[in-house]
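Colleague: Once you've had a glance at the structure underneath, I'll fire off some questions.
The values are calculated or read from the model by the stated rules, or taken from the named source; none is laboratory data. As the structure is a computational prediction, the values presented were derived from the model and not from experiment. Counting neighbours? That spans all protein chains shown, and the Cβs are built from the backbone with ideal geometry, glycine included.
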Amino acid sequence: MATTEAEIPTTSLADLLQRVEALEAEQRRQIKKKNKLAIIAWGGSLDQIWPTTILATTAAASGMEASVFFTFWGLFAIVKPGVRITGENWMQKMMSVMNPGSAQKAKLSRYHFAGVGPAMFKKLADDHQVAKPEELISLANDLGVRLIPCQMTMDLLGLKREDLIDGLEEPIGAATAIAEMRDAAISLFI
Amino acid sequence: MDVITHTVDAKGQSCPGPLVALARALKDAQTGDLFELLATDPGSRSDVPSWADLSGNELLDAETLDDGSFRYVIRKVA
């Protein structure tokens, strides 16, 4: 039986180098996830803003990076408590009347009962020593959670930087929000 | 030195109270320091080990005391 020797392909050094370079470029494009939680706080109701702030503070307390991007109804949760009517035109003003600002005034998405529901919830929270969303927001600030308002929704709803609570980062847009989520090991839309 | 030098009393507090209290106490401590966390939140039984896992700190002991409350011993690593 004749054995035929396999032909060894002759690969030039230049070709090899080219391949290595291509692999390195590919690796650079790969997304490296950070030990980070990124939340899009879209909902402004009490039963949304509460878990949002609990998760963000817990992540920060666990040594994770955490950021919360406030958009749409979520923005009303970070309006300063004293600020009542915001906006420049009747539509924006009406919106602010229908969505009283600050986490303290957040409504329940179910069983609101003209404010009785949230009052009951907060009574229960007091009894069980659960921190309220407004307390959790300031706690989040202390723990280094990055709180970021959405520029576009601020414009849409007529909310100005001075209408919002202190300790927020500069408003950002959707692309930056996506970038926040892209490198976060966990990203949530609440 | 295996002496507990910090006690965090989070009795009565609910999630995430005990963890936040613990994390805050840890911030100003030295690596290697031993902490004792006291809690009554039943959720802490799963949350404290998870927190240790997430944060990279070491949970040395977890026990239920006679009064039904919980005691955790943690070493600051991270």
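Colleague: Taking the stretch A:62-73, which residues are touching a Phe, Trp or Tyr at 6+ places or on another chain (Cβ under 8 Å) and in contact (Cβ under 8 Å) with a residue 40 or more places away in the chain?
Modeller: A:Thr71, A:Phe72
Colleague: Let me ask you something else. Where in chain B are the strands (runs of 3 or more DSSP E), entirely inside, with at least 2 residues that are surrounded by 13 or more Cβ atoms within 10 Å (Cβ to Cβ), touching a residue at least 24 places away in the same chain (Cβ under 8 Å) and away from chain A (no Cβ under 11 Å)?
Modeller: Once the strands (runs of 3 or more DSSP E) in chain B are filtered for at least 2 residues that are surrounded by 13 or more Cβ atoms within 10 Å (Cβ to Cβ), touching a residue at least 24 places away in the same chain (Cβ under 8 Å) and away from chain A (no Cβ under 11 Å), what remains is B:4-10, B:34-39, B:70-75.
Colleague: Now for a different question. Restricting to the stretch A:159-171, count the residues that are surrounded by fewer than 18 Cβ atoms within 10 Å (Cβ to Cβ) and not in a helix (DSSP H, G or I).
Modeller: Matching residues across the stretch A:159-171 total 6.
Colleague: What are the pairs with Cβ atoms under 8 angstrom where one residue, in the stretch A:83-104, is among the acidic types (Asp, Glu) and the other, located anywhere, is part of a loop (DSSP other than H, G, I, E, B)? Sequence gap at least six, or different chains.
Modeller: Pairs found: A:Glu88/A:Gly158.
Colleague: Collect the residues in the stretch A:176-190 that are outside any strand (DSSP E or B) and under 14 Å from A:Phe70 (Cα atoms), keeping them in residue-number order.
Modeller: Matches in the stretch A:176-190: A:Thr176, A:Ala177, A:Ile178, A:Glu180, A:Met181, A:Ile190.
Colleague: Moving on. Tell me, yes or no, whether the stretch A:31-50 has at least one residue that is under 17 Å from A:Met154 (Cβ atoms), of a type in the set (D, E, K, R) and in a helix (DSSP H, G or I).
Modeller: no
Colleague: Hey, among A:Ala114, A:Ala59, which residue is without any contact (Cβ under 8 Å) to a residue 40 or more places away in the chain and either within 30 Å of B:Thr40 (Cβ to Cβ) or away from chain B (no Cβ under 14 Å) (or both)?
Modeller: The match here is A:Ala114.
Colleague: Of the residues that make up the stretch A:145-153, is at least one of a type in the set (Ser, Thr, Tyr), in contact with a strand residue (DSSP E or B) (Cβ under 7 Å, 6 or more places away or on another chain) and away from every other protein chain (no Cβ under 14 Å)?
Modeller: Within the stretch A:145-153, none of the residues are of a type in the set (Ser, Thr, Tyr), in contact with a strand residue (DSSP E or B) (Cβ under 7 Å, 6 or more places away or on another chain) and away from every other protein chain (no Cβ under 14 Å).
Colleague: Kindly establish whether A:Ala140 is part of a helix (DSSP H, G or I), crowded, with 16+ Cβ neighbours inside 10 Å, within 14 Å of another protein chain (Cβ to nearest Cβ) and without any contact (Cβ under 8 Å) to a residue 24 or more places away in the chain.
Modeller: Considered against the rule, which asks whether it is part of a helix (DSSP H, G or I), crowded, with 16+ Cβ neighbours inside 10 Å, within 14 Å of another protein chain (Cβ to nearest Cβ) and without any contact (Cβ under 8 Å) to a residue 24 or more places away in the chain, A:Ala140 comes out as no.
Colleague: Let me ask something additional. Could you check how many residues of the stretch A:62-96 are buried (at least 19 other Cβ atoms within 10 Å of the Cβ), closer than 21 Å to A:Ile172 by Cβ and within 14 Å of another protein chain (Cβ to nearest Cβ)?
Modeller: So the count comes out to 2.
Colleague: Which condition does A:Leu55 not pass, out of (1) modelled with pLDDT of 95 or more; (2) part of a loop (DSSP other than H, G, I, E, B); (3) not hydroxyl-bearing (Ser, Thr, Tyr), if it passes all the others?
Modeller: So the condition that A:Leu55 fails would be (2).
Colleague: Right, here's the next one. Just need a number here: residues in the stretch B:1-18 that are more than 12 Å from the chain's Cα centre (by Cα) and more than 20 Å from A:Pro51 (Cα to Cα).
Modeller: 4
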